[in-house]
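Have a look at the structure below before the remarks.
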Amino acid sequence: MIPLPGAAPAPLRLAPGSVRFLLLLAGLMTVGAASTDINLPAVATIARSFAAPLPEAQLTVSVFFLGFGLGQLFAGPLSDRFGRRPVILAGLALYLLATIGCILATSLGSLLVWRAVQGTVAAFAPVLARAVVRDLFEGPRMARVLSFATAVFILAPILAPSVGALLLEMGGWRWIFALLAVYGALLWLAGWRWLPETLRAPDPMALRPRRFVEAWQAVLGDPRSCRYAAVSVANFVVLVVYLTNSPAVFMDQYGLSSRAFAGVFALVALASAAGNLVNARLVRRIPLERLVAWACAGGFAASAIAIPIVLGDPVRLPLLIVLLALGFFCFSTVMANATALALQPHGAMAGAASSVIGVLQTVVPAVVASLVALLPIDRAVLTAGAMAAAFLAAVMLARRPPRASRSHPS
């Protein structure tokens with residue numbers, strides 16, 4: 001462990017940057033995505049199970065996201081006060097209990113309550129995984145570690161929907177939550193055994209309301225941090241718009257089977273993972289700011305070219321899939337580097353800053369994607385256009401002349 005002031009030195013449980021350390025970080029970062037994606041195939045079955053309308057069963061996804069956004073507000077300040085390790089372990093223990101509550105739910109109402117609780121405590125792991133990385137690394141090395149961890153994290157959208165569908169066929173929707181409970185228990189054991197405490201000096205004032213306000217002021221008031229936080233938010237709009245609309249576009253509009261859609265989804269996710277791995281090498285030689293600008297421009301180009309493709313008749317589906325893959329290759333480069341740049345000035349309050357950025361990356365894209373969904377436009381055109389617009393916003397933000405930050409790494 002990194003010693004606290006006055007404490008005897010103790011070794012880290014895992015060497016920072018080791019394969020096991022990166023896998024543990026990836027596992028923590030994946031909790032939210034896995035809990036969402038694996039449940040998607042079960043929504044209709046849950047509705048039938050409780051004799052409820054489908055829109056009400058779809059709330060099992062919405063309330064999880066609401067809880068996830070709420071949990072991120074508190075995860076960082078709690079960890080700044082008590083340390084990363086105890087708050088992560090407490091969050092995973094509560095996640096396990098909430099998941100068991102989902103398994104035992106006897107009504108849709110009780111399931112929705114437990115899903116909201118599950119989302120709230122699921123937020124602790126990914127937020128604090130980023131804080132751990134910020135505690136241990138800076139600059140290009142921080143971006144490199146985030147890229148490697150995110151490359152593993154991308155496995156969640158590749159595998160989770162297929163695993164959920166398989167469990168649904170084998171035993172029903174409760175089996176999905178049983179697997180999530182096992183996953184939570186294994187993560188807790190891995191964290192208890194290997195996760196180091198990386199916070200050098202706990203802040204006894206971290207939970208005071210003034211500190212919450214200061215964290216938001218620090219991120220939004222620092223020109224460099226605010227700029228790259230905004231770039232990351234625009235980048236996440238691309239992801240949420242794609243996740244929200246891709247089933248309707250590929251299955252309803254273009255007539256792909258569920259298996260073919262899973263294949264397309266996996267190909268795009270693999271391209272995203274490849275982007276993280278390539279980025280992990282590029283950050284050694286190219287400034288992060290330049291990589292972000294290049295990747296935003298590449299994502300915009302791919303999405304803009306996709307617009308006339310979806311307007312064509314017939315649609316050239318293979319070319320559209322290639323353009324999506326290129327877009328998400330660029331997305332991954334932006335995600336790791338923009339997040340690293342946004343966190344860089346806040347070493348003294350990494351947990352709270354990570355919470356602020358996490359809330360922005362969750363809530364703003366969800367609101368934008370919901371508003372976009374209300375537009376009476378062809379789904380494919382709407383999706384490509386919204387993704388291009390989000391990438392264009394990121395391009396404009398990334399190309400703004402840099403200004404000096406007012407806070408500095410500890």
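The values are calculated or read from the model by the stated rules, or taken from the named source; none is laboratory data. Keep in mind that what you see is a predicted model, and the values were worked out from it rather than measured. For neighbour counting, all protein chains shown are included, and Cβ atoms are generated from backbone atoms with ideal geometry for every residue, glycine included.
Values as computed for the structure displayed
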quantity: Verdict on Ala353 being in a helix (DSSP H, G or I), buried (at least 24 other Cβ atoms within 10 Å of the Cβ) and out of contact with any Phe, Trp or Tyr (no Cβ under 9 Å at 6 or more places or on another chain); calculated: yes
quantity: Some residue of the range 157-168 being within 17 Å of Leu187 (Cα to Cα) and within 22 Å of the chain's Cα centre (by Cα); calculated: yes
quantity: Scan of the range 96-112 for residues that are in contact (Cβ under 8 Å) with a residue 12 or more places away in the chain and under 15 Å from Val63 (Cβ atoms), ordered by number; calculated: Ala98, Thr99, Gly101, Cys102, Ser107, Leu108, Leu111, Leu112
quantity: Of residues in the range 188-207 being farther than 23 Å from Ala122 by Cα and surrounded by 13 or more Cβ atoms within 10 Å (Cβ to Cβ), the one modelled with the highest pLDDT; calculated: Arg200
quantity: Which listed residue, of Thr120, Thr60, is under 24 Å from Leu189 (Cα atoms) and either of a type in the set (A, V, I, L, M, F, W, C) or within 22 Å of the chain's Cα centre (by Cα) (or both); calculated: Thr120
quantity: Tally, over the range 79-103, of residues that are of a type in the set (A, V, I, L, M) and surrounded by 24 or more Cβ atoms within 10 Å (Cβ to Cβ); calculated: 4
quantity: Options Leu189, Leu180; residue that is without any contact (Cβ under 8 Å) to a residue 12 or more places away in the chain, assigned to a helix (DSSP H, G or I) and under 30 Å from Ile100 (Cα atoms); calculated: Leu189
quantity: Matching option when the condition is hydroxyl-bearing (Ser, Thr, Tyr), modelled with pLDDT of 80 or more and over 30 Å from Pro41 (Cβ atoms), among Tyr228, Tyr254, Tyr242; calculated: Tyr228
quantity: Test for Leu341: is it at pLDDT below 90, assigned to a helix (DSSP H, G or I) and farther than 20 Å from Ala75 by Cα; calculated: yes
quantity: Yes/no for Ser407 being hydroxyl-bearing (Ser, Thr, Tyr), modelled with pLDDT under 85 and within 30 Å of Phe82 (Cα to Cα); calculated: yes
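Listed here are the residues, each with its yes/no results for (1) assigned to a helix (DSSP H, G or I); (2) surrounded by fewer than 21 Cβ atoms within 10 Å (Cβ to Cβ); (3) in the same structural domain as Ala340 (by TED's automatic domain parsing).
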{"site": "Ala260", "(1), (2), (3)": "yes, yes, yes"}
{"site": "Gly263", "(1), (2), (3)": "yes, yes, yes"}
{"site": "Val278", "(1), (2), (3)": "yes, yes, yes"}
{"site": "Ile286", "(1), (2), (3)": "no, yes, yes"}
{"site": "Leu291", "(1), (2), (3)": "yes, no, yes"}
{"site": "Ala301", "(1), (2), (3)": "yes, yes, yes"}
{"site": "Pro308", "(1), (2), (3)": "yes, yes, yes"}
